[in-house]
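Colleague: Got a structure for you, questions after.
The values are calculated or read from the model by the stated rules, or taken from the named source; none is laboratory data. Keep in mind that this is a model prediction, so the values were computed, not measured. Positions of Cβ are backbone-derived with ideal geometry, glycine not excepted, and every protein chain shown enters the neighbour counts.
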Number of protein chains: 2
Amino acid sequence: MKAEIIAVGTELLLGQIVNTNAQYIAQGCASIGLNVYYQTVVGDNRERIRQSFSLAASRADVIIATGGLGPTQDDLTKDALSELFGLPISIHGPSMEKITAVFQSRGIEMVKSNERQANVLEGCTPLANDNGLAVGVALTHEGTHYILLPGPPKEMKPMFDQYAVPWIRSVMGEEASPLYSKMLKFAGIGESSLEHRLIDLIDGQQDPTIAPYAKEGEVSIRLTTRACSEAEAERKLADTEREIRSRVGEYIYADRDVPIEYELVSMLIAAGRTVALAESCTGGLVSEMLTAVPGSSAAYRGGIVCYTNEAKKELLGVPAHVLEGEGAPGAISSETAILLAQNAMERTGADYALSVTGVAGPAESEGKPVGLVYLGVAERGKPAEAMKLQLSGNREAIRLKAAKQALYVLWQRLKH
Amino acid sequence: MKAEIIAVGTELLLGQIVNTNAQYIAQGCASIGLNVYYQTVVGDNRERIRQSFSLAASRADVIIATGGLGPTQDDLTKDALSELFGLPISIHGPSMEKITAVFQSRGIEMVKSNERQANVLEGCTPLANDNGLAVGVALTHEGTHYILLPGPPKEMKPMFDQYAVPWIRSVMGEEASPLYSKMLKFAGIGESSLEHRLIDLIDGQQDPTIAPYAKEGEVSIRLTTRACSEAEAERKLADTEREIRSRVGEYIYADRDVPIEYELVSMLIAAGRTVALAESCTGGLVSEMLTAVPGSSAAYRGGIVCYTNEAKKELLGVPAHVLEGEGAPGAISSETAILLAQNAMERTGADYALSVTGVAGPAESEGKPVGLVYLGVAERGKPAEAMKLQLSGNREAIRLKAAKQALYVLWQRLKH
């Protein structure tokens, strides 16, 4: 079956918002084997909305629209379709009761136009809106299947997933062939280096498909396959995963979409251990990532942001002769990284400490190049160690990569 | 004039990427008074690309397309248009030279298909690609104006801004009536409270338009007007800005799109002052924001992330009897906020210190509700103060709002 997506809204044509709805719906269609051939955006104009549906009906079997279901005079999708099909608008009783009740409970007088949100096309299957007031519509007319969804993503997404997709699957019948996918999450390896080591697999991919991508300092690979059953999908995905693990398994920290800080906090809690941070060039980012994890207080002992040499001396006791003066290693050095980690561990009483010191840019520092970063790691009862990284990208990217790499270093140590 | 945007790429139809190009181009069109009536997405299919252009030509004066200019056999936009118009493809000499030179300089043998990136339609104006290899096209054919841009945003955006927009303005002639806009940035006030105080202006807006929005803990208002000259635009924008300032001026920290941490760092540097941080519930976020500003080492003295009570005691000397035990104020209290700020200032030698302690959620803490946050502010030679906030949203939103509010508190103090 062929599908089209129509997004209705002048704000999209003006570029005031980006059309994330189309992407979300497109992904949903792909996941059930429904092929999308076109996406269209049209403004809040009755005539042009009608023309868009008419054109879509001439080339697609399933048309999924979002937007234009709200209470205002600019919300015209249902009216346009009613005109196009010559089908009257009727009121969906349960939706109308819900709208009335919501206004009553808020103690606000309901403006008449709000009733429009209970409108449906006669003979349709209404789609419940669990996160808003405008009811959705599923309708088969002259052999073409239509879905009307609200525009706000927080209303659209659950309605699509919970009510529209099952309805579409039912009209697709045996044509619906679900996609199964699995995410592998990597740390400690860059995207290009990962791709390089898997290039023959990526280039030769057929089924499962192998899609690597990098986002916010993390690298992921999504494996996707189409299968008749979960068991078949699992078998196909497992074969590919095994091959990937045999080459780069040491960098895989999770087989689901989770940031490394969540994995690390879980491991620390399970081990009954805590970590402290001493951050120079990352400026608190590692601490921020760790404490973003709910429950992290059991694993995160404390952190010091020693962005300046003064702070390295005052807050973490790094001797001046290490930081400054001719022949000194300087703030950006393995010596400093080791002292920062060691002293952060001692001052906080943590079991481990990580330190990050380097040049995030935009300009070089101490005559050292942008992207040069030293990580320190301390562990109770062992000598602290440091490692050197040369990272690429702008200031933000270098900070992000350095922070993720520091988390990976501790993750790796805990794992072994 | 009417315009349409066509994005070419199967990855868009599959939902693998979001169509940010359409938004970018739509904004650009709006800014020169060019009305976009439709946006379309079509896959890498010659026949459907041709049909999309043919349809667009039947309803628009200007058609702006992105994608499908690359080297592979899936890059079909120029071929499809060549067929549709019966115009031969020719080679753009300078682009071909550039492509050859790039491969030579990299020491890689050039695959023949790369030559396709120098293709243009005969009689067109080639648009230089300063960030990639595929040359763009501007062409007027049978009274309709066409622009072909590459798909990767980092190539598309500069080509659009620098070469396509001037070309479009030239074909629009006097119809091009630029939009002027101005951003007002707010801190210390929530979006709904801001809207409430400006509701009559927002509801009654005509020209300039007044668009409030909230993103990443910040609230902004964009004023936009269409005018024949910059002087006229400035006059119109100034009238509206004056009215807004008379109501909520105290919360405006900038009249351009800049995060408050940039303003704060500039003010601190100008005043020759430094700040230190003691963060509990924000976990390093305020430090991360401040140190994200290049040059912040002159203003940011250091920070302590005291997420646990142990860290509050060990790293910042908060007495146990303040934090724990029956009748103690607890970690989430104005007493603790004041001690954290005071001690952070003293231990770092900074001129100011900020502290943040509160309940980011998901669960309550010390029997105190999610969203309750105390900010402390210390200043050399003055008694430290605390203030209480009740913030809404999830864990991430509460942390973000608390961090921005802390920055605002210091900004306000420096301003007065």
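Colleague: Specify which of the listed residues (A:340, A:277, A:354) is within 13 Å of chain B (Cβ to nearest Cβ) and part of a helix (DSSP H, G or I). First the steps, then the outcome.
Modeller: Numbers: A:277 fails: part of a helix (DSSP H, G or I); A:354 fails: part of a helix (DSSP H, G or I).
Criteria check complete, one pass: A:340.
Colleague: OK, next. Scan segment A:308-321 for residues that are closer than 17 Å to residue B:296 by Cβ and either in a loop (DSSP other than H, G, I, E, B) or touching a Gly at 6+ places or on another chain (Cβ under 6 Å) (or both) and report the count. Write out each step before concluding.
Modeller: Of the residues in segment A:308-321, the ones closer than 17 Å to residue B:296 by Cβ are A:308-312, A:315.
Those still in the list that are either in a loop (DSSP other than H, G, I, E, B) or touching a Gly at 6+ places or on another chain (Cβ under 6 Å) (or both) too: A:308, A:311, A:315.
Final tally of qualifying residues: 3.
Colleague: When the residues of segment B:287-297 are filtered to those that are of a type outside the set (A, V, I, L, M) and within 8 Å of chain A (Cβ to nearest Cβ), which remaining residue is farthest from the chain's Cα centre (by Cα)?
Modeller: Filtering segment B:287-297 for residues that are of a type outside the set (A, V, I, L, M) and within 8 Å of chain A (Cβ to nearest Cβ), the one farthest from the chain's Cα centre (by Cα) comes out as B:297.
Colleague: Something else: Go over the candidates B:398, B:332 one by one and state the one that is within 14 Å of chain A (Cβ to nearest Cβ) and in a loop (DSSP other than H, G, I, E, B).
Modeller: Values: B:398 fails: in a loop (DSSP other than H, G, I, E, B).
Result: B:332 is the single residue among B:398, B:332 that is within 14 Å of chain A (Cβ to nearest Cβ) and in a loop (DSSP other than H, G, I, E, B).
Colleague: Within segment B:284-307, which residues are within 16 Å of residue A:355 (Cα to Cα) and in a loop (DSSP other than H, G, I, E, B)?
Modeller: Within segment B:284-307, B:284 is the sole residue that qualifies.
Colleague: Same structure, new question: So which residues in segment A:252-274 are in contact (Cβ under 8 Å) with a residue 24 or more places away in the chain and either within 12 Å of another protein chain (Cβ to nearest Cβ) or in a helix (DSSP H, G or I) (or both)? Walk me through how you get there before you give the answer.
Modeller: So in segment A:252-274, the residues in contact (Cβ under 8 Å) with a residue 24 or more places away in the chain come out as A:252-265, A:267-269, A:271, A:273-274.
Listed by number, the residues that qualify are A:260, A:261, A:262, A:263, A:264, A:265, A:267, A:268, A:269, A:271, A:274.
Colleague: Among (1) at pLDDT below 90; (2) surrounded by 14 or more Cβ atoms within 10 Å (Cβ to Cβ); (3) polar (S, T, N, Q), there is one condition residue B:144 misses while meeting the rest; what is its number?
Modeller: Of the numbered conditions (1) at pLDDT below 90; (2) surrounded by 14 or more Cβ atoms within 10 Å (Cβ to Cβ); (3) polar (S, T, N, Q), the odd one out for residue B:144 is (1).
Colleague: For segment A:29-44, give me the residue count where each residue is in contact (Cβ under 8 Å) with a residue 60 or more places away in the chain and surrounded by fewer than 22 Cβ atoms within 10 Å (Cβ to Cβ).
Modeller: Final tally of qualifying residues: 4.
Colleague: Next question. Which of the residues belonging to segment B:357-383 are within 13 Å of chain A (Cβ to nearest Cβ), in contact (Cβ under 8 Å) with a residue 24 or more places away in the chain and of a type outside the set (S, T, N, Q)? Lay out the reasoning, then the answer.
Modeller: Taking segment B:357-383 first, the residues within 13 Å of chain A (Cβ to nearest Cβ) are B:357-366, B:370.
Subsequent filtering for residues that are in contact (Cβ under 8 Å) with a residue 24 or more places away in the chain retains B:357-362, B:365-366, B:370.
The answer is B:358, B:359, B:360, B:361, B:362, B:366, B:370.
Colleague: In segment B:207-243, what residues are in contact (Cβ under 8 Å) with a residue 40 or more places away in the chain and acidic (Asp, Glu)?
Modeller: Scanning segment B:207-243 gives B:216, B:218, B:230, B:234, B:241, B:243.
Colleague: Restricting to segment A:319-331, name every residue that is more than 43 Å from the chain's Cα centre (by Cα) and not hydrophobic (A, V, I, L, M, F, W, C). Let's see the steps before the verdict.
Modeller: Filtering segment A:319-331 for residues more than 43 Å from the chain's Cα centre (by Cα) gives A:320-321, A:325-328.
A:321, A:325, A:326, A:327 - these are the residues of segment A:319-331 that are more than 43 Å from the chain's Cα centre (by Cα) and not hydrophobic (A, V, I, L, M, F, W, C).
Colleague: Further, regarding this structure: Please note which strands (runs of 3 or more DSSP E) are completely contained in segment A:134-224 and include at least 2 residues that are under 24 Å from the mean Cα position of the chain (by Cα) and not assigned by TED's automatic domain parsing to the domain that holds residue A:88.
Modeller: Numbers: elements: A:136-141, A:144-149, A:179-186, A:209-215.
Ranges flagged: A:179-186, A:209-215.
Colleague: Please work out which residue is surrounded by the most Cβ atoms within 10 Å (Cβ to Cβ), limiting yourself to segment B:172-189 and to residues that are of a type in the set (Gly, Ala, Ser) and out of contact with any strand residue (DSSP E or B) (no Cβ under 7 Å at 6 or more places or on another chain). Before you say what the answer is, go through the steps one by one.
Modeller: Here is the first cut: in segment B:172-189, the ones of a type in the set (Gly, Ala, Ser) are B:173, B:176-177, B:181, B:187-188.
With the extra rule that they be out of contact with any strand residue (DSSP E or B) (no Cβ under 7 Å at 6 or more places or on another chain), the set shrinks to B:173, B:176, B:188.
Details: B:173: 8, B:176: 16, B:188: 20.
By that ranking, first place goes to B:188.
Colleague: What's the total number of residues in segment B:83-102 that are of a type in the set (A, V, I, L, M) and either outside the structural domain of residue B:165 (by TED's automatic domain parsing) or touching a helix residue (DSSP H, G or I) at 6+ places or on another chain (Cβ under 7 Å) (or both)? Explain how you work it out, then say what you get.
Modeller: The initial filter retains those residues of segment B:83-102 that are of a type in the set (A, V, I, L, M), namely B:84, B:87, B:89, B:91, B:96, B:99, B:101-102.
With the extra rule that they be either outside the structural domain of residue B:165 (by TED's automatic domain parsing) or touching a helix residue (DSSP H, G or I) at 6+ places or on another chain (Cβ under 7 Å) (or both), the set shrinks to B:84, B:89, B:91, B:96, B:99.
Of the residues in segment B:83-102, 5 are of a type in the set (A, V, I, L, M) and either outside the structural domain of residue B:165 (by TED's automatic domain parsing) or touching a helix residue (DSSP H, G or I) at 6+ places or on another chain (Cβ under 7 Å) (or both).
Colleague: From the list A:334, A:355, pick out the single residue that is among the small types (Gly, Ala, Ser), at pLDDT 95 or above and under 28 Å from the mean Cα position of the chain (by Cα).
Modeller: Values: A:334 fails: under 28 Å from the mean Cα position of the chain (by Cα).
Residue meeting the stated conditions: A:355.
Colleague: Still on this model: Cβ contacts < 7 Å: first residue farther than 21 Å from residue B:405 by Cα, restricted to segment B:191-206; second residue exposed (fewer than 15 other Cβ atoms within 10 Å of the Cβ) and acidic (Asp, Glu), any location; separation 6+ or different chain. Result?
Modeller: B:201/B:243
Colleague: Looking only at segment A:153-171, how many residues end up being out of contact with any strand residue (DSSP E or B) (no Cβ under 9 Å at 6 or more places or on another chain) and free of Cβ contacts under 8 Å to residues at least 40 places away in the same chain?
Modeller: So the count comes out to 4.
Colleague: Considering each residue of segment A:257-294, count those that are touching a strand residue (DSSP E or B) at 6+ places or on another chain (Cβ under 7 Å) and of a type outside the set (A, V, I, L, M), and give that number.
Modeller: Counting residues in segment A:257-294 that are touching a strand residue (DSSP E or B) at 6+ places or on another chain (Cβ under 7 Å) and of a type outside the set (A, V, I, L, M) gives 13.
Colleague: Still on this structure, I have one more. Looking only at segment A:298-324, count every residue that is at the interface with chain B (Cβ under 7 Å from one of its Cβ atoms) and either over 19 Å from residue A:351 (Cβ atoms) or in contact with a Phe, Trp or Tyr (Cβ under 6 Å, 6 or more places away or on another chain) (or both) and tell me the total.
Modeller: So the first thing to find is which residues in segment A:298-324 are at the interface with chain B (Cβ under 7 Å from one of its Cβ atoms), and the list is A:300-308, A:310-311, A:314-315.
From what is left, the residues that are either over 19 Å from residue A:351 (Cβ atoms) or in contact with a Phe, Trp or Tyr (Cβ under 6 Å, 6 or more places away or on another chain) (or both) are A:300, A:305-308, A:310-311, A:314-315.
Selection size over segment A:298-324: 9.
Colleague: So which residues in segment A:95-125 are exposed (fewer than 15 other Cβ atoms within 10 Å of the Cβ) and in contact with a Pro (Cβ under 8 Å, 6 or more places away or on another chain), if there are any at all?
Modeller: A:111, A:113, A:122
Colleague: Moving on to the next point. When segment B:103-114 is examined, which residues are found to be assigned to a helix (DSSP H, G or I) and touching a helix residue (DSSP H, G or I) at 6+ places or on another chain (Cβ under 9 Å)? Outline the logic, then answer.
Modeller: Pass one, segment B:103-114, residues assigned to a helix (DSSP H, G or I): B:103-106, B:112-114.
Result: B:103, B:114.
Colleague: In this structure, does residue B:284 turn out to be within 25 Å of the chain's Cα centre (by Cα), facing chain A (nearest Cβ under 10 Å), surrounded by 21 or more Cβ atoms within 10 Å (Cβ to Cβ) and at positive phi?
Modeller: On the way: within 25 Å of the chain's Cα centre (by Cα): yes; facing chain A (nearest Cβ under 10 Å): yes; surrounded by 21 or more Cβ atoms within 10 Å (Cβ to Cβ): yes; at positive phi: yes.
So residue B:284 fits the description; yes.
Colleague: Next up: Please verify whether segment B:229-251 includes one or more residues that are surrounded by 15 or more Cβ atoms within 10 Å (Cβ to Cβ) and within 14 Å of chain A (Cβ to nearest Cβ).
Modeller: No; the residues of segment B:229-251 include none that is surrounded by 15 or more Cβ atoms within 10 Å (Cβ to Cβ) and within 14 Å of chain A (Cβ to nearest Cβ).
Colleague: Kindly check whether there is at least one residue in segment B:42-58 that is aromatic (Phe, Trp, Tyr) and either modelled with pLDDT under 95 or not assigned by TED's automatic domain parsing to the domain that holds residue B:168 (or both).
Modeller: Taking segment B:42-58 and keeping what is aromatic (Phe, Trp, Tyr), we get B:53.
Keeping just the survivors that are either modelled with pLDDT under 95 or not assigned by TED's automatic domain parsing to the domain that holds residue B:168 (or both) gives none.
No - not one qualifying residue is present in segment B:42-58.
Colleague: Please name all residue pairs, on different chains or six or more residues apart, with Cβ atoms under 7 Å, provided the first residue is in segment B:95-107 and is farther than 15 Å from residue B:132 by Cβ and the second residue is at pLDDT 95 or above and not hydrophobic (A, V, I, L, M, F, W, C).
Modeller: Nothing qualifies.
Colleague: What is the residue count in segment A:201-251 for residues that are among the hydrophobic types (A, V, I, L, M, F, W, C), modelled with pLDDT under 85 and more than 23 Å from residue B:16 (Cβ to Cβ)?
Modeller: Residues in segment A:201-251 being among the hydrophobic types (A, V, I, L, M, F, W, C), modelled with pLDDT under 85 and more than 23 Å from residue B:16 (Cβ to Cβ): 1 in total.
Residue-by-condition table, conditions (1) of a type in the set (Gly, Ala, Ser); (2) out of contact with any Lys or Arg (no Cβ under 7 Å at 6 or more places or on another chain); (3) more than 30 Å from residue A:3 (Cβ to Cβ):
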{"residue": "A:172", "(1), (2), (3)": "no, yes, no"}
{"residue": "A:200", "(1), (2), (3)": "no, yes, yes"}
{"residue": "A:205", "(1), (2), (3)": "no, yes, no"}
{"residue": "A:225", "(1), (2), (3)": "no, no, no"}
